[in-house]
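This report refers to the structure that appears directly beneath it.
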Amino acid sequence: MTTETPSALRRTALHATHHAHKARMVDFGGWDMPVQYRGLIEEHMAVRTAVGLFDVSHMGDIQLRGPNSLAAVQKLLMNDASKLQTGQAHYSAMLYPNGTFVDDVVLHKLGDNDYLIVINAGTREKDVQWVRQVIGGMSGVHVNDFSDYYTQLAIQGPKAEATLQKLTGVDLSTIKNYWFTWGQVCGCHNVMIARTGYTGEDGFEIYIPSDEPTSARVWGEVLAAGEEFGIIPCGLGARNTLRLESAMALYGHEISDTINVFEANLGRYCKLDKDTDFVGREALLEVQNSGGPSRKLVGLEMVDRGIGRDGYPVATLDGTKIGEITSGSPAPFLKKNIALAYVPVAYTEPGTELAVEIRGQLVKAQVVPTPFYKRPKPAAPKL
């Protein structure tokens, strides 16, 4: 969290709209953001069962353009961008030379010489500086920070497609998960429509002009379109519990500059064998060749009554401290108390019994597979 005074906090174009909805606002990475509107549980359940609308305009957008943009992306990010087709996106990360995280990102291929990197809010300035430091000296690539040009809205949940479809002529059913297209939305031209999100549900993220009148109008039109499905505006609180149920990493919690890719169980997104050397690769090869990490991220489910919160110690049943919770809370949809935690590799097998120290008391928990929640697959059409 930042230590800036409230008057120095940055505001999205929807700031007045959030206040009109009587949202409870908090400081999030230097931004004045809505933590909840009607209540975290109601918002969480709306996304799991119907549809919710999030303002995620605090996220950053870095565009790399030019004949060397693919080479720049390949050096900067751990996933293999050469496999992406135009209109496709994937999860990736920027790493430090020691294999720990600068930030996790979603990379979009806009064209053969044109890429968009969506970065996190709290690390925005650091990320932009890092990009310029790593690839700023390369010829044939232009780096632009377009973060303040767009209002980014996330429409998430089983009824997200039906809601957004009312507002665009684009056939949304043709957009696959982690693909995107361009089209008219709410009368705005050339809107990027991406089938992405941070909730574990189906959904879309749209990028619209960041001026306040347009942002407020589109926000209102999305809420009106989703009214028949029970849409509600959702804040950071529900976004956090939704991503936790889906075991998605949050910077400063599951990933940071002290945690490497293998510890975070994100090795499947790290392509050590791609043609281009990337920042952090050598260190990760060393970790791999020396037998792997000594600790790993696991899912915990509380067995006894108690909620394991961020930062609580994790111990063996006899009280020996072995790790720490990175994110923990009640899971509104699953109706269980869950957490993510780093523990030594010897304790990572599902079914392993551990304890969480809550106010000086040891409360029993067990290691469970992640993600805690997987969205149901759509039913096959009847013949």
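The values are calculated or read from the model by the stated rules, or taken from the named source; none is laboratory data. Computed from a predicted model, the values in this text were never measured in an experiment. Note that we place each Cβ from the backbone using ideal geometry, even for glycine, and neighbour counts take in every protein chain shown. These area figures cover heavy atoms from the full protein model, side chains too; ligands, DNA and RNA do not enter into them. Shrake-Rupley method; radii C 1.70, N 1.55, O 1.52, S 1.80 Å.
Numbers below:
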{"item": "Helix-derived mean residue ellipticity, 222 nm - over the chain, DSSP H n ≥ 4, -39500 (n - 2.57), to 500", "result": "-5500 deg cm²/dmol"}
{"item": "Rounded percent of accessible protein surface that carbon and sulfur make up, the chain, 1.4 Å probe", "result": "50 percent"}
{"item": "Peptides 124-137, 261-274 ordered by average Cβ neighbours within 10 Å, highest first", "result": "261-274, 124-137"}
{"item": "From phi via Karplus (6.51, -1.76, 1.60), per-residue ³J(HN,Hα) for region 341-355 in Hz, x at Gly/Pro", "result": "8, 9, 9, x, 3, 4, 10, 9, 5, x, x, 4, 8, 9, 9"}
{"item": "Restricting region 279-340 to trypsin sites (Lys or Arg not before Pro) in coil, as DSSP defines it, with at most 16 other Cβ within 10 Å", "result": "305, 309, 335"}
{"item": "Spatially proximal lysines relative to residue 271 (Cα-Cα < 26 Å; intrachain offsets below 8 disregarded)", "result": "75, 83, 109, 126, 176, 296, 374"}
{"item": "Cα-projected label distance for residue 228 with residue 112, points at 7 Å along beta-carbon direction, nm", "result": "4.4 nm"}
{"item": "Linear extension gain, residue 212 paired with residue 321, 0.36 nm per residue minus alpha-carbon span", "result": "34.2 nm"}
{"item": "Most mobile listed residue (337, 120, 144) in the chain, GNM with C-alpha springs under 10 Å", "result": "144"}
{"item": "Zone residues, region 281-299, relative to residue 348, backbone N less than 17 Å from point 7 Å out along Cα-to-Cβ", "result": "284-299"}
{"item": "Accessible area expressed per residue, the chain, with surrounding protein chains retained (probe 1.4 Å, Å²)", "result": "44 Å²"}
